[in-house]
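Values in this text are rule-based calculations from the coordinates and carry no lab data. Keep in mind that this is a model prediction, so the values were computed, not measured. Neighbour counts run over all protein chains shown; Cβ positions are idealised from the backbone, glycine included.
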Amino acid sequence: MHEEGASEISFGMLVKRLLILLFASVAVSVSGYLTVLNFQQAISCSVFLSIILGTLFFWTFRLAIAFIGLSVLIFTSSLNIPTFVESAALPVILFLVGMMIIVGALKDLGLFTWIVQLIVSMPNISAVKFIAVTAAASALLACAVDEVTSIIFISTLIFQVCDRLKLNPSPYMIICVLCTNVGSAGTMMGNPVGIFIGTKAGLTFEDFIIWAFPIMLLCLALTIVLTILYYRKELKEFDERLKDRLSKNLSLAPKIEVPYKQGLIVLVFTILFIASHNQLEKMLNLEKNSILLIAPLMCSGVIMLFKRDRARHYVEQEVDWWTLLFFMLLFAIAGTLEHTQVTKLMAENFSKLCEANVNILIPLILCVSAIGSAFVDNVIFVAAFSPVIEELSKSMNAFPLWWALLFGACFGGNITMIGSTANIVAIGMLEKRSRTHVRFFDWLKIGAASAIIALLTAWLCLVVLKPFMPDRKHAPAVEFRAKAN
């Protein structure tokens, strides 16, 4: 979804899109009320649909639409204040705030520049070696920080190398961003949906490392192989230009000494702190995932103490308050579907359709979340589906279903050029830096192919691993929400 400013949309187009949004929302509300939904259920479905359409038609105005939608829910008694507080997932928001501050400090400490320098100074470099290492680094970096930060810093390397070899950077950028989206499913920190699913399902950092990370690595390897084969002509040209440059004793990029050690210590300590949360919670007799959710805040607090002169900058500039506020309202509006028992109806219909068969539900959730994430922010679909899976968990083991939702949401972002924030950031940098325009269908061909292979691989892995997965049928979701009276 491109960041369209108000000035980029004509008044006529603005009115047209607004009428479509209103008509669709009202039609869903009325038809739902006349069939199977009560008044509050119909309103909650209508408002949630308006959020989806708002992100498609009015990306710049999505926060305003969320404000108005929340007000409609309150006015119609579809949502009350205690339920709003309960559903807003404030600990998830604070987790993301802490991680954004940490990432800002890592930028200052030169960690990402050091990683770029390591890649560019590889011995016996070739096109395949360069792009394979760069793509793998972008995926693993996404696991440690987030997908957007990863692609921003990896793009620096790609532009440096392509400028010196006088190559079109688009193929290399597309390969890396596809791998970044795949890598974002490996841990809780790679994508906002990871921490949201983790808290909803009561999953620990260890659960992600045991179940999600290995599947991600397999999907990543297949994605790298596929993209290298797809862009083999461009890689052949890379080798030819590289050979010519090295014959003149010219390097790919200047070697810069970066004081990276402090940044590396901060990153390693943060990951270890988050990774050990389950043992610490048991040792201190704390609620499950309580340390997980405050670990980034504690680390960022220590960082701001040591870097007092940059603390305000980190909070004001590095934290994306616009997006976080939208997420908070989105979670609350999605929580209304649970509050009005719409998700219970959805879960019952899913159970009837699939006969409560996990083997059918896994590919269904993979496909639905992937297709949805290809066109709309994956957080929206995860927020809507999480209560459905919570309801299903009362009658079956939903443990593999949570992973299906995670992989579908992350891998589905590769299908289209608007499927993830990382895609949009990468395209924007290509247009700004190299005046290169990526066409929708050019992206779709390789994006859809890579997504299908990754999704099929995840499906096969989940089916094979399902008998070995723990039974979480009766395990409640993490109690991080405020208790409503």
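Mind sorting GLU257, GLU206, GLU318 by how few other Cβ atoms lie within 10 Å of their own Cβ, fewest first? Could the numbers behind the result be given before it?
Working: GLU257 8, GLU206 13, GLU318 19.
Ascending Cβ contact count within 10 Å gives the list GLU257, GLU206, GLU318.
Which value at 222 nm does the chain reach when only helices count, each DSSP H run of 4 or more adding -39,500 (n - 2.57), with the total divided by all residues and rounded to the nearest 500 deg cm²/dmol?
On the way: 23 runs with 351 residues, N = 485.
Mean residue ellipticity at 222 nm (helix-derived): -24000 deg cm²/dmol.
Tell me, Kirkwood radius of region 312-401 from alpha-carbon pair distances, in Å? Don't skip to the answer; put the middle values down first.
Details: mean 1/r = 0.0690 Å⁻¹.
After inverting the mean inverse Cα-Cα distance, the result is 14.5 Å.
Which of the helices in the chain meet the span-like rule: DSSP H, Cα axial reach of 30 Å or more, Kyte-Doolittle mean at least 1.6?
Flagged H segments are 11-34, 440-465.
Report the extension gain between LYS432 and GLU240 in nm, rounded to one decimal, defined as 0.36 nm multiplied by the number of residues separating them, less their alpha carbon distance. Before the final figure, lay out each step's value.
Details: separation 192, 0.36 × 192 = 69.12 nm, distance 2.67 nm.
Full extension of this stretch gives 66.5 nm more.
So if I place +1 on the C-beta of Lys and Arg and -1 on the C-beta of Asp and Glu, and nothing else carries charge, what would the dipole magnitude of region 231-388 be about its Cα centre? I want it in debye, nearest 20.
640
Could you tell me the relative contact order of the chain? Use alpha-carbon pairs under 8 Å, at least six residues apart, and round to a whole percent. Numbers along the way, then the final one.
Details: 706 pairs, mean separation 110.7, N = 485.
For the chain, the relative contact order is 23 percent.
Remind me, relative contact order of region 1-78 in percent, using alpha carbon pairs under 8 angstrom and six or more residues apart?
Result for region 1-78 is 35 percent.
Would you please put 120-126, 174-180, 17-23, 156-162 in order of how densely packed they are, using the mean number of other Cβ atoms within 10 angstrom per residue and starting with the highest? Could the numbers behind the result be given before it?
Values: 120-126: 12.6, 174-180: 30.0, 17-23: 14.1, 156-162: 21.1.
In decreasing order of mean packing, 120-126, 174-180, 17-23, 156-162 become 174-180, 156-162, 17-23, 120-126.
Please give the charge dipole size of region 90-314, origin at the Cα centre, charges +1 on K and R Cβ atoms and -1 on D and E Cβ atoms. Round to the nearest 20 debye.
Numbers: 20 positive and 15 negative charges, 113 e Å.
Computed about the Cα centre, the dipole is about 540 debye.
What Kirkwood hydrodynamic radius, in Å, does region 90-314 give when the mean of 1/r is taken over all pairs of distinct Cα atoms and then inverted? The partial results should precede the final answer.
On the way: mean 1/r = 0.0536 Å⁻¹.
The Cα-based Kirkwood calculation yields 18.7 Å.
Of the listed peptides 188-195, 221-228, 378-385, 259-266, what is their order by residue-averaged count of other C-beta atoms within 10 Å, with the highest listed first?
Values: 188-195: 27.8, 221-228: 19.4, 378-385: 25.1, 259-266: 15.8.
Final packing ranking: 188-195, 378-385, 221-228, 259-266.
Rounded, prolate or oblate: pick one for region 1-121, where a ≥ b ≥ c are the square roots of the eigenvalues of its C-alpha gyration tensor, a/c under 1.5 means rounded, and failing that, prolate if a/b is larger than b/c, else oblate. Mind showing how you got there, number by number?
On the way: a/c = 3.23, a/b = 1.72, b/c = 1.87.
Oblate, because a/c is 1.5 or more while a/b does not exceed b/c.
Within 10 Å, count the other beta carbons around each residue, average over each peptide in 127-133, 423-429, and list them highest first.
Values: 127-133: 18.6, 423-429: 20.3.
Descending packing order for the listed peptides: 423-429, 127-133.
Given 0.36 nm per residue, what is the gain on full extension from ILE265 to PHE23 after removing their alpha carbon distance, in nm? Kindly include the intermediate steps, with their values, before the conclusion.
Working: separation 242, 0.36 × 242 = 87.12 nm, distance 5.39 nm.
Length gained, ILE265 through PHE23: 81.7 nm.
Could you put THR323, THR149, THR35 in order, starting from the residue whose Cβ has the fewest other Cβ atoms within 10 Å? Intermediate values should be presented prior to the final figure.
On the way: THR323 18, THR149 23, THR35 8.
Exposure proxy ranking, most exposed first: THR35, THR323, THR149.
About the Cα centre of the chain, what is the dipole size in debye to 20, counting +1 per Lys and Arg Cβ and -1 per Asp and Glu Cβ, all else neutral?
880
If the label point is 7 Å along Cα→Cβ of PHE11, which residues in region 57-76 have backbone nitrogen under 16 Å from it?
none
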